[in-house]
Amino acid sequence: PHVLHVTGARPNFPKAAPVIRALDGLGVRQVLVHTGQHYDPVMSEVFFQQLGLPEPDVNLGVGSGSHGAQTAAVMVALEEMFVADRPSLVIVYGDVNSTVAAALVAAKLQIPLAHVEAGLRSFDRTMPEEVNRVVTDALADLLFTTSPDANVHLGTEGVAADKIHFVGNPMIDTLLANLDTFDPVAVTADLGLEGDYVVATLHRPGNVDDPEQAAKIVRAVHEVADTVRVVIPLHPRGRESFARAGLMDHENVTVIEPLGYVEFIGLVRGSRAVVTDSGGVQEETTMLGVPCLTLRPNTERPVTITHGTNRLVTSDGLAGAVQEALALPRTDTPAVTPPLWDGAAGQRIAAVVADVVGA
Ligand code: UD1
Ligand code: UDP
């Protein structure tokens, strides 16, 4: 008997790491699959090195493609694998295409399925991630949630209470476990940065792919850059569209390659504010006490607003919101943090999993 983890995209890796470690501690036999959805070394390999993840047992090498092509490629490869050597439980993470693909395959083969980070809802079906979340949760047998709102959503959708486990946030386990390694001084020295700066990360299709929206965002970022340096470790998705919209045409905008996890959190830790459309970054800034301005009309992580530093902004409101953030005193520790974001989520998940698979 073995438990099989399916990972594939950047946000999966910091979520899986603590679960794998905790299951190791309980002596559970594990197989780690990397679908290959993300493949650039800075989007994948660097996380395996920095987070102490084991080398994947298999890399499916699916790469990029349309939603249909990418999801289908993961499904075909996983189905073959699961039929040849049936896992006792499949564990999937977050809301990427690799997540929903694995969920569909496990469900059709009647293999028990666990979803880590279940129940988050933006209620915005224009986001591909929202579709992936709803489908994955509908199919899962074990649903591990990171915040109480997720339990409420799952209850409303008719998921039986005994399938749902509120365990806290494994991504925050990773943050807390590596806290000593995040060194803003080292990162800013490496990048040749001096003085105050704001970090921005942008990769949502809604912000990146539509040229008009991309141009609006570039104007807003330039407005911010009129008063403070903006450092942007740019996701490959945005490379072309933001270049076309002139993102780099401002002396206070520094666009760099995606950073490794340790360097990225180091950069965030030393920043005065973060502008983002990322899911994980809303959570990480909350724990670091760094003001977070989320450039989206909604968030599936409302706990970062009620218990953290997060705020939703429009491109029109961005520059003003950054000014307000710059006026805040610097803090290194947040006043409140969301319940159970305490570094032990991986252990809670492992305890339930070990019980279910009889290890
Ligand atoms: C995916 C997830 C998104 C998540 C994000 C995290 C889906 C539907 N989306 O979006 O939820 O927030 O990852 O980073 O699963 N590319 C590269 N190198 C890579 C990977 C991608 O150049 O290693 C480029 C390719 O041009 C590719 C594009 O980025 O077409 C998009 O990649 P894809 O995996 O489809 O979606 P993301 O935008 O990365
Ligand atoms: N991240 C990173 N380097 C970067 C940008 C992000 O290491 O240049 C980390 C970030 O801290 C988070 C993870 O990547 O832990 C996933 O974030 P991403 O924004 O890619 O995905 P999302 O959470 O939006 O799905």
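For region 146-253, what is the Kirkwood hydrodynamic radius in Å, using each pair of distinct C-alpha atoms? Mind dumping the intermediate values first?
On the way: mean 1/r = 0.0581 Å⁻¹.
About 17.2 Å for region 146-253.
For region 271-359, taking Cα atoms only, what is the radius of gyration to one decimal and the Dmax to the nearest whole Å?
16.0, 55
Scan around Ala273 for amide H atoms under 5 Å from its own, H built in the peptide plane at 1.01 Å from N, and keep only partners 5 or more places away or cross-chain.
Val199
Below 8 Å between Cα atoms, with a sequence gap of 6+, how large is the relative contact order for region 72-225 in percent?
Rounded, it is 16 percent for region 72-225.
Per 0.36 nm of contour for each residue apart, how much would the distance between His2 and Ala160 grow if the chain were fully extended, relative to their Cα-Cα spacing?
Working it through step by step, the gained length comes to 54.3 nm.
Spin-label point model (7 Å from Cα, Cβ direction): what's the His67 to Leu179 distance in nm?
Reported label-point gap for His67 and Leu179 is 3.9 nm.
What is the local net charge at Ala103, summed over the other residues whose Cβ is closer than 13 Å to its Cβ (Lys, Arg +1; Asp, Glu -1)?
Net charge in that neighbourhood comes out at -3.
Of the options Gly308, Pro258, Val268, report the single residue whose Cα projects farthest towards the positive end of the charge dipole of region 238-359 (beta-carbon charges: Lys, Arg +1; Asp, Glu -1).
Positive-end residue among those listed: Gly308.
Take every Cα pair under 8 Å in region 204-359 that's 6+ residues apart, average their separations, divide by the length, and report that relative contact order as a whole percent.
19 percent
What list of ³J(HN,Hα) values in whole Hz, one per residue of region 210-219 in order, does the Karplus curve 6.51 cos²θ - 1.76 cosθ + 1.60 (θ = phi - 60°) give from phi, with Gly and Pro shown as x?
Each residue of region 210-219 in turn: 7, x, 5, 5, 4, 5, 4, 5, 4, 4 Hz.
What number comes out for the charge environment of Pro211, summing +1 per Lys or Arg and -1 per Asp or Glu over other residues with Cβ under 15 Å away?
+2
Leaving ligands, DNA and RNA out of it, report the carbon-plus-sulfur percent of the accessible area of the chain at a 1.4 Å probe.
Accessible surface attributable to carbon and sulfur in the chain totals 53 percent.
With contacts defined as alpha carbon pairs under 8 Å and 6 or more residues apart, what's the relative contact order of the chain in percent?
Reported as a whole number, the value is 17 percent.
So for region 40-143, Kirkwood radius off the Cα pairs, Stokes-Einstein at 4 °C and 1.567 mPa s: how many µm² s⁻¹?
Numbers: Rh = 14.5 Å.
Estimated via Stokes-Einstein, D reaches 89 µm²/s.
Any number yet on Rg/Rh for the chain, C-alpha, Kirkwood?
That ratio equals 0.96.
Dimensions of region 1-67 along principal axes (Cα, Å, largest first)?
If we take the Cα atoms of region 1-67, the spans are 38, 26, 16 Å.
Could you give the angle, 0 to 90 degrees to the nearest 10, between helix 279-288's Cα long axis and the longest principal axis of the Cα atoms of the chain?
70 degrees
Multiplying the sequence separation of Asp332 and Arg86 by 0.36 nm and subtracting their Cα-Cα distance, what value in nm do you get?
That pair, Asp332 and Arg86, stretches by 83.9 nm at full extension.
Sketch the reach of a paramagnetic label on Thr306 as a point 7 Å from Cα along Cα-to-Cβ, and name the residues of region 120-156 whose backbone nitrogen lies under 15 Å away.
Within reach of a label on Thr306, which here means backbone N under 15 Å from a point 7 Å along Cα→Cβ, region 120-156 contributes 120-122, 146-156.
When we measure straight from the Cα of Lys15, which lysines land under 21 angstrom away, once same-chain ones fewer than 8 places off are left out?
Cross-link targets: Lys163.
Rounded to the nearest whole Å², what accessible area per residue is found for the chain with the 1.4 Å probe?
Details: 14380 Å² over 359 residues.
The answer is 40 Å² per residue.
The values are calculated or read from the model by the stated rules, or taken from the named source; none is laboratory data. Values in this document were obtained by computation on a predicted structure and should not be read as measured data. Note that we place each Cβ from the backbone using ideal geometry, even for glycine, and neighbour counts take in every protein chain shown. For the accessible areas, the whole protein counts, side chains as well, though only heavy atoms, and no ligand, DNA or RNA atoms are used. Shrake-Rupley method; radii C 1.70, N 1.55, O 1.52, S 1.80 Å.
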